[in-house]
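The values are calculated or read from the model by the stated rules, or taken from the named source; none is laboratory data. Everything numeric here is computed off the predicted structure, so don't read it as measured data. Because the Cβ atoms are built from the backbone with ideal geometry, glycine has one as well, and the counts that use them run over all protein chains shown.
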């Protein structure tokens with residue numbers, strides 16, 4: 001049995017093979033370097049989880065599954081493009097990603113910008129050409145454009161960069177939540193929604209899935225920030241005070257460790273409320289509940 | 001009577017107003033700076049010209065026109081995004097565009113990258129949300145993704161950058177044509193095709209419109225390169241030899257002035273052949289013919 005991550009990897013390789021026949025070898029290599037790196041593939045998994053809210057787990061023989069794979073590939077292509085551009089020297093200036101040179105390091109800056117641009121284009125092309133119902137495809141494209149656009153991912157990165165210059169005054173909790181809701185939350189939420197729409201979930205239930213997705217993304221980030229402190233405290237003897245002194249902007253540095261834990265509890269409670277409402281409408285929120293459990297209980 | 005260019009400007013302003021409510025002011029300002037600059041708006045004009053091949057000039061009261069404006073806005077948003085990214089320091093490193101500071105000069109590099117990213121997203125979102133028939137919208141998105149993607153615009157820019165480093169050996173004519181066909185030709189061709197598809201032109205005729213569009217884009221570029229030499233020769237006393245010495249890669253430096261003129265004649269002849277075939281199929285190529293005439297006869 002191939003694992004889900006391996007399946008995603010092979011689907012992404014297929015998309016690139018199909019779309020890059022005749023492309024400049026250097027550009028094609030860059031796109032493959034960025035995309036086929038054994039990432040966690042969280043967003044494609046959320047597309048499939050979202051589909052389970054309104055639909056039994058699809059039989060692997062189900063021909064309709066093919067179109068769900070298009071959505072799974074598209075959200076990951078958008079995610080990969082955002083990582084490539086975020087790593088650029090004028091943004092976060094990172095040299096390594098997942099232990100390998102970032103794209104502008106392995107190639108050059110211009111190629112990294114162009115490869116990111118191309119990945120975004122491929123994502124929308126993939127959705128438009130999928131075998132899903134035309135109305136579903138258009139809904140997907142609208143949602144993905146909103147999640148990736150100026151009010152979503154790009155907007156979140158803009159806020160992030162604007163805060164990077166301000167080392168003295170930390171943002172308040174609301175600004176921090178807004179940043180993460182846009183920068184990573186929007187695509188997480190939308191990945192779930194694409195799956196839910198594919199499964200024919202009605203508009204009201206889909207909105208609840210999105211509410212849940214927003215809270216799931218937030219819980220993930222808060223837990224990340226908490227683990228960064230508590231994990232380090234055990235492993236390196238590093239204290240929260242040190243982290244704050246380094247002016248790292250996180251839920252812990254903004255709200256304190258206890259404050260961050262309270263924020264996580266609040267977020268999880270709201271997420272459960274959304275799942276409860278989904279259940280009362282007759283949808284099956286079991287997979288989402290397990291996902292939330294996994295995110296908040298993880299220790300690394 | 002508002003001129004067409006003013007109408008495009010106001011449509012683009014509408015799209016930005018609609019899509020940027022709630023965005024970071026700095027990001028919104030950057031998107032407006034890049035987009036609302038009084039550009040030539042050639043590509044939106046080609047969308048409308050393409051529609052005329054299969055359809056009488058639409059009555060301005062025609063409600064369907066609204067959806068054609070979405071296509072016109074989308075191709076221009078893609079064009080603007082490509083200019084913003086091409087101007088970046090790691091690409092062409094330009095400080096001025098149309099007499100104003102380029103986006104990374106007026107703002108900063110990170111904002112310019114993000115604004116370009118957002119413009120691409122907006123283009124696909126605009127097409128998906130238009131009021132055109134769902135099948136037409138999906139066809140538009142597929143075509144635009146192909147034109148903008150690794151085999152189109154991004155591919156052309158990749159070839160262009162790869163040639164910039166090679167100052168000794170000029171590319172051959174085929175490589176130069178391939179570069180321009182991808183970098184600017186693909187979007188020109190596709191702008192015509194979006195209009196043609198909107199007007200319900202059958203697939204065979206649409207392919208001829210695309211063939212014509214590819215040749216129109218090429219004619220435009222060759223004429224540009226010829227004027228760059230002959231225009232300058234009169235105005236500045238600059239000679240073709242000087243241009244070649246500066247290692248500017250153009251149809252004239254690669255094929256010589258006579259060679260470029262022969263190439264232009266060939267291109268125009270092939271373009272006329274495509275129009276002739278369109279006419280024999282019962283389509284009306286008059287607007288396209290006038291456009292070709294305009295492109296090849298212009299003196300500046």
Within segment B:258-300, residues over 18 Å from the mean Cα position of the chain (by Cα), in a loop (DSSP other than H, G, I, E, B) and surrounded by fewer than 16 Cβ atoms within 10 Å (Cβ to Cβ) come out as B:281, B:282, B:284, B:299
Taking segment A:138-155 and keeping only residues that are in a helix (DSSP H, G or I), more than 7 Å from chain B (Cβ to nearest Cβ) and within 18 Å of residue A:178 (Cα to Cα), one is left with A:147, A:153
### Task
Return a yes/no flag: does segment B:86-103 have any residue that is crowded, with 24+ Cβ neighbours inside 10 Å, touching a helix residue (DSSP H, G or I) at 6+ places or on another chain (Cβ under 6 Å) and farther than 18 Å from residue B:13 by Cβ.
no
Picked from segment A:83-112 (must be in a helix (DSSP H, G or I), within 8 Å of chain B (Cβ to nearest Cβ) and in contact (Cβ under 8 Å) with a residue 24 or more places away in the chain), the residue farthest from residue B:117 (Cα to Cα) is A:111
Every listed condition ((1) outside any loop (DSSP other than H, G, I, E, B); (2) within 8 Å of another protein chain (Cβ to nearest Cβ); (3) in contact (Cβ under 8 Å) with a residue 12 or more places away in the chain) holds for residue B:158 save (3)
So, first residue on the phi > 0 side of the Ramachandran plot in segment B:281-295, second residue modelled with pLDDT of 90 or more, Cβ within less than 9 Å, six or more apart or across chains; the pairs are B:282/B:205
Taking segment A:184-202 and keeping residues part of a helix (DSSP H, G or I) and farther than 18 Å from residue A:123 by Cα leaves A:185, A:196
Restricted to segment B:14-59 and to residues being at positive phi and under 19 Å from the mean Cα position of the chain (by Cα), the residue modelled with the lowest pLDDT is B:38
